[in-house]
1. Please arrange MET352, MET315 by accessible surface area, largest first, computed with a 1.4 Å probe and ligands excluded.
2. Apply the a/c threshold of 1.5 to the C-alpha gyration tensor of the range 4-60 and tell me whether it is rounded, prolate or oblate.
3. Which percent, nearest 5, of DSSP beta bridges in the range 4-60 are antiparallel?
4. Under the classification rounded if a/c is under 1.5, otherwise prolate if a/b is larger than b/c and oblate if not, where does the range 309-468 fall, given a ≥ b ≥ c as square roots of the Cα gyration tensor eigenvalues?
5. Between THR216 and ARG385, what is the FRET efficiency for a Förster distance of 35 Å, r being their Cβ-Cβ separation, to the nearest 0.05?
6. Which order do LYS348, LYS257, LYS279 take by accessible area at a 1.4 Å probe, largest first?
7. How far is the Cα center of the range 37-56 from the Cα center of the range 334-355, in Å?
8. List the relative contact order of the range 4-60 as a percent without decimals, with contacts defined as Cα pairs under 8 Å and 6+ residues apart.
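The values are calculated or read from the model by the stated rules, or taken from the named source; none is laboratory data. All values reported here derive from a predicted model rather than from experimental measurement. Counting neighbours? That spans all protein chains shown, and the Cβs are built from the backbone with ideal geometry, glycine included. Areas reflect the complete protein model, heavy atoms only, side chains present, ligands, DNA and RNA absent. Shrake-Rupley method; radii C 1.70, N 1.55, O 1.52, S 1.80 Å.
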Amino acid sequence: MAGARCRTLYPFSGERHSQGLRFAAGELLTLLQVPDGGWWEGEKDDGLRGWFPASYVQLLEKPGMVPPPPGEESQTVILPPGWHSYLSPQGRRYYVNTTTNETTWERPSSSPGISASPGPHRSSLPPTVNGYHASGTPAHPPETAHMSLRKSTVDSQNLGSSSPGKKQSKENTITINCVTFPHPDTMPEQQLLKPTEWSYCDYFWADKKDPQGNGTVAGFELLLQKQLKGKQMQKEMSEFIRERIKIEEEYAKNLAKLSQNSLAAQEEGSLGEAWAQVKKSLADEAEVHLKFSAKLHSEVEKPLMNFRENFKKDMKKCDHHIADLRKQLASRYASVEKARKALTERQKDLEMKTQQLEIKLSNKTEEDIKKARRKSTQAGDDLMRCVDLYNQAQSKWFEEMVTTTLELERLEVERVEMIRQHLCQYTQLRHETDMFNQSTVEPVDQLLRKVDPAKDRELWVREHKTGNIRPVDMEI
């Protein structure tokens, strides 16, 4: 795939990679390296090289899909006088007559003012009003104007109220809660930022129906709920270990108390020594369990409880930040719709006054048309400005969503790994405790093997004997 050409879908600042390539939406890149992992290396037309997310671009598989730069025709194509060609942000070429302000998708013929195709095709682009299309797009845009719109989903051609261009773009996009998405039926599947990893940054862009109600839950809210649930599970694990510690402490206390019991203290001989060692082993075992409980507290329970003490505060900060961006995006969307409506009204007003001029020519009507044309032009400018602000807000939200979801993913991996390590520490302490407990009974085993009933009898007899003269029979 190296050497292939691709078009950027979204703007990229390049800050998320040490050798990131900064670009705007709609630029053409040449691929240099396409390794696995979601990051590709590419080169811009000006020679700048760098890395970028693979999902930010769309491959142009056929050479014919790469258009020439805006405003430039092939050397074999000569346009009639007054005609110039431009590219829409979607990459489609259209033609503008700078004299008559006519626009058409079809290349004009060599006859001035006449296109190479029948007239009906000429109306496929919105009519121009005082140098502006009905959609608010300049009739003679500079080359940079095509780069200012960051995503093809908000192509300036779809801003008109009734033009075929709007209908075409509307079919390619859907808007959910003021966020514009490519239509799944017309847009090829986007490459994942982190293929084969099931990463948070790839699967939580849309909203999900709330199973507990009729509303919806934002994908980012689901991630926050996952984090908060993980924190709660971590807290409950800590409480579980605390209960285990209490059991150990109570057990050690009972063992120490039992070791002081005087039952069978009068046993003698080697068996008495073994019995005394049994009682001593209880005291030793009690000490082992006290040490076990202390280590459980310091090495397992406390780290689980104190891990990310400011977790909820950090999560709220992330939530508020993303929520603010979504609110800003919704506000920008409302402004676009308002400006779109205003432009439609201005166009209708201009058309009405134009019809009045055809019926009756007067200085007043001409003056009204000039005012209406100025207002329509201003409405087009306002709409373009609102669209640009919306695109900026959506790009900001897009980048922050990627950055924040990757951070949440890292935090979740860190949390799971932390819990795994401390549970491994718990099992290690258990093994050590079992070994220490075994060591407390080994002396008992040794003494029990030395118990000798015959020797105990001999010692006892020697100590307590009363004499070895047995009674004899009495004689008469």
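1. Accessible-area ranking of MET352, MET315, largest first: MET352, MET315.
2. Since a/c stays below 1.5, the shape of the range 4-60 is classed as rounded.
3. 95 percent
4. Cα axes put the range 309-468 in the prolate bin.
5. Efficiency computed from Cβ-Cβ geometry: 0.70.
6. Largest accessible area first, the list is LYS257, LYS348, LYS279.
7. Cα centroid of the range 37-56 versus Cα centroid of the range 334-355: 41 Å apart.
8. 39 percent
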